[in-house]
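The values are calculated or read from the model by the stated rules, or taken from the named source; none is laboratory data. Since this is a predicted model, take the numbers as computed values, not measurements. Note: areas computed on protein heavy atoms with side chains; ligands, DNA, RNA excluded. Shrake-Rupley method; radii C 1.70, N 1.55, O 1.52, S 1.80 Å.
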Amino acid sequence: MSKCAFISGASRGIGKGIAEVLASAGYNLALCCVNNIDSLEEYATNLQKSFGIHAKAYQLDVSSIKDWENVSSEIMADFGDIDVVINNAGISYIGLITDMSSEEWNKIVATNLDSVFYSTKVFLPKMINRKSGHIINISSMWGERGASCEVAYSTTKGGINAFTKALAKEVAPSNIAVNAIACGVIDTDMNSCFSQEEISELVDEIPAGRLGTPTEVGQLVLSILNSPSYMTGQIIGIDGGF
């Protein structure tokens, strides 16, 4: 029987890349986004046709526990057990911390960090009952190093890393693996705020000499899923040697 993966923030960028790689590997997919539901529904249909898997799109505000409770019930009714949870949804804020409002701070913390807690509350109990499962949190190299003018983003990703390590210890006796991927600069819409000159300067700092791709992140996700369950609590970097 095919396994099922839940992916948040799946309508574009890294989430979309992960979805295609997992679909090609035969995973059924529960995909969610908050704003681009029409395009995600079309993408889910295309994945079904291309790879012969079951895929469905859901509109979900990951910063809302009520949304999680409502939508997760629908997901479980459609797919049954969720074998893999990929917490990918996230937003960024670029600017001085002194210019950031409390509303902007709360929004990025709720979207990037609270959402990981909410998805865990929703999906983990059944994993514990089955004594199997994978949780993969999409983090960032800035969660380890910190980025000037991205204090809030760096803070949430650092929180995800700590959450990953702690949860891995908590659920290892239940044979559940929890890992995070610390992405470097990936070629997605999130980086569209940078000018071509700024992107070129970033590339100059990357030993690999280029940006990463969403497909490469997806390939790493699949590699983690195929790894021994003894690999847990790890923050795995994919940053071109930055």
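At-a-glance table
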read-out	value
Whole-percent carbon and sulfur share, accessible surface of the chain, 1.4 Å	49
Mean separation of Cα contacts under 8 Å (6+ apart) over length of the chain, as relative contact order %	21
Unsatisfied cross-links (Cα-Cα over 29 Å) in the set LYS49/LYS169; LYS3/LYS49; LYS3/LYS107	LYS49/LYS169; LYS3/LYS107
Whole-Å distance, taken between Cα centres, linking the range 185-242 and the range 64-80	30
Computed helical MRE - 222 nm, the chain, DSSP H runs ≥ 4 contributing -39500 (n - 2.57), nearest 500	-14500 deg cm²/dmol
Placed amide H near GLY237: partners under 5 Å, 5+ positions off or other chain	ALA182
Whole-Hz couplings from phi, Karplus 6.51/-1.76/1.60, listed for the range 142-148; x for Gly and Pro	6, x, 9, 9, x, 10, 4
Surface per residue (accessible, 1.4 Å probe) for the chain, Å²	47
